[in-house]
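Worksheet: one structure, shown below.
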């Protein structure tokens, strides 16, 4: 405020020299302010350029983030799908395993029943054998029927017949000579 009064006083009451100095000072001040304004405009332009560059970088990063997020979501969906497939596969495997175990148990029961029937059949086949001669004759007849080289041959039955024949030979104290 003092400076303003000073300038007004020089304009009103000042000498020619004072006015020339005032003009010179005003010119220098005007140049200084123009330079300062130009520097500020340059700084403002740089700030605007920096702001634009920053916005572009931010937009690029946001696009990158969006792309990465979409890829992550896609990968997660694919992973979830594969996990469901694996879980369904394991559930199917467990189901198949239980079915196989049940079938195995059923087959084991059937085998045991079949073995019981075979032993009952062996009992029938050798029923009435009371001497070594009848035992040998019955054995030869059974071998003719069940020998694996026959059309109706059964190797398992031959093994069972041989085992029963050996047991009966021991019972009758006969040495097994074919």
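The values are calculated or read from the model by the stated rules, or taken from the named source; none is laboratory data. Nothing here was measured: the structure is a model prediction, and the numbers come from that model. We place every Cβ from the backbone using ideal geometry, glycine too, and count neighbours over all the protein chains shown.
At a glance:
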| quantity | calculated |
| --- | --- |
| Filter result for residue 21 (surrounded by 10 or more Cβ atoms within 10 Å (Cβ to Cβ), free of Cβ contacts under 8 Å to residues at least 12 places away in the same chain and in contact with a helix residue (DSSP H, G or I) (Cβ under 9 Å, 6 or more places away or on another chain)) | yes |
| Residues being modelled with pLDDT of 85 or more and surrounded by 14 or more Cβ atoms within 10 Å (Cβ to Cβ) - total across region 155-178 | 9 |
| Residues within region 120-141 that are assigned to a helix (DSSP H, G or I) and either exposed (fewer than 13 other Cβ atoms within 10 Å of the Cβ) or at positive phi (or both), tallied | 7 |
| Only one of 62, 66, 51, 29 that is surrounded by 10 or more Cβ atoms within 10 Å (Cβ to Cβ) and under 30 Å from residue 4 (Cβ atoms) | 29 |
| Verdict on residue 37 being part of a helix (DSSP H, G or I) and over 30 Å from residue 3 (Cα atoms) | no |
